[in-house]
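The values are calculated or read from the model by the stated rules, or taken from the named source; none is laboratory data. In this text the structure is predicted, and so the values were computed from the model without any measurement. Because the Cβ atoms are built from the backbone with ideal geometry, glycine has one as well, and the counts that use them run over all protein chains shown. Areas reflect the complete protein model, heavy atoms only, side chains present, ligands, DNA and RNA absent. Shrake-Rupley method; radii C 1.70, N 1.55, O 1.52, S 1.80 Å.
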Amino acid sequence: MSTTRSRRLSLLFLLAASVVICLALGLRFFGRDWDQGWYMQPDERFMVMVLTDRIHAPDIHHLDRLLDPAHSPLNPRSVDQNGRPQAYAYGSLPLFATDATAAVAGFLTRQDLNSYTRVGLVGRALSALADVITVLLAMILARRLYGRAAALITGLLLATTVTMIQLAHFFTVDSFVTMFATAVLLVALLLVERPTRQGAIAAGILIG
């Protein structure tokens, strides 16, 4: 195969892959406010309640509480007023990521995006973004294992998978977990191809 044809095929692949990613973005970000702030999904509503009721910036006069799991303002499982641990069955990273993103975006736009009625939309945007990253990672994985055609088919199938599109419209942990799991598979493949300490550390961080 000539160099010119190889470059042409590479450009066509990148163009087609870009179309697939744009399709995934459009399907996941379209209709983000599908319930007009009612939070019809129970897990999502619970996470919004935890984020707005339990998670808050630490009091500068009580910084020692940050290292106290029972009373830390950053621990969604801290104890309530009766001294009983509060229930929270999911990971904390989506909460912190959403809270921080809402704070930064709110500061830039001069809006209160950390409020109950708005922070869920920020979380949904992050869920959608995480799901698009999953599509991209899966395409990279398929490309390394089976070639360009497999990568495009993989991306197209995942971009249009109804369940993934639905979950990307919720502020829940599903899209985040899937993204990290897919990233672990890709890093594991790279470790098989070329074992490195950096790769092993990256895999451990992603699993964590």
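Tabulated data for the structure shown
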| item | result |
| --- | --- |
| Estimated D of the chain in µm² per second, where Rh is the Kirkwood radius over Cα pairs and Stokes-Einstein applies at 20 °C, 1.002 mPa s | 111 |
| Using alpha-carbon coordinates, inclination of helix 174-193 to the longest axis of the chain, degrees | 50 |
| Within the accessible area of the chain (1.4 Å probe), percent carbon and sulfur | 66 |
| Protection proxy ranking, peptides 6-19, 32-45, 161-174, average beta carbon neighbours within 10 Å, highest first | 161-174, 32-45, 6-19 |
| The stretch 109-208, accessible area per residue, ligands and nucleic acids excluded (1.4 Å, Å²) | 54 |
| Theoretical gain in end-to-end length, ALA150 to MET49 [0.36 nm per residue, Cα-Cα removed] | 32.2 nm |
| Tilt relative to the chain, helix 93-109 - C-alpha long axis, 0 to 90 degrees, to 10 | 90 |
| Mean-position separation - Cα centroids, the stretch 110-154 and the stretch 1-36, in angstrom | 13 |
| GNM result for the chain, Cα springs below 10 Å: residue of PRO58, PRO76, PRO94 fluctuating most strongly | PRO58 |
| FRET efficiency for VAL104 and ARG32, using Cβ-Cβ distance with R0 set to 22 Å, rounded to 0.05 | 0.75 |
| Crossing angle, helix 197-207 versus the chain [Cα axis fit, 0-90 degrees, rounded to tens] | 50 |
| Exposure rank, largest accessible area first [THR182, THR101; 1.4 Å] | THR101, THR182 |
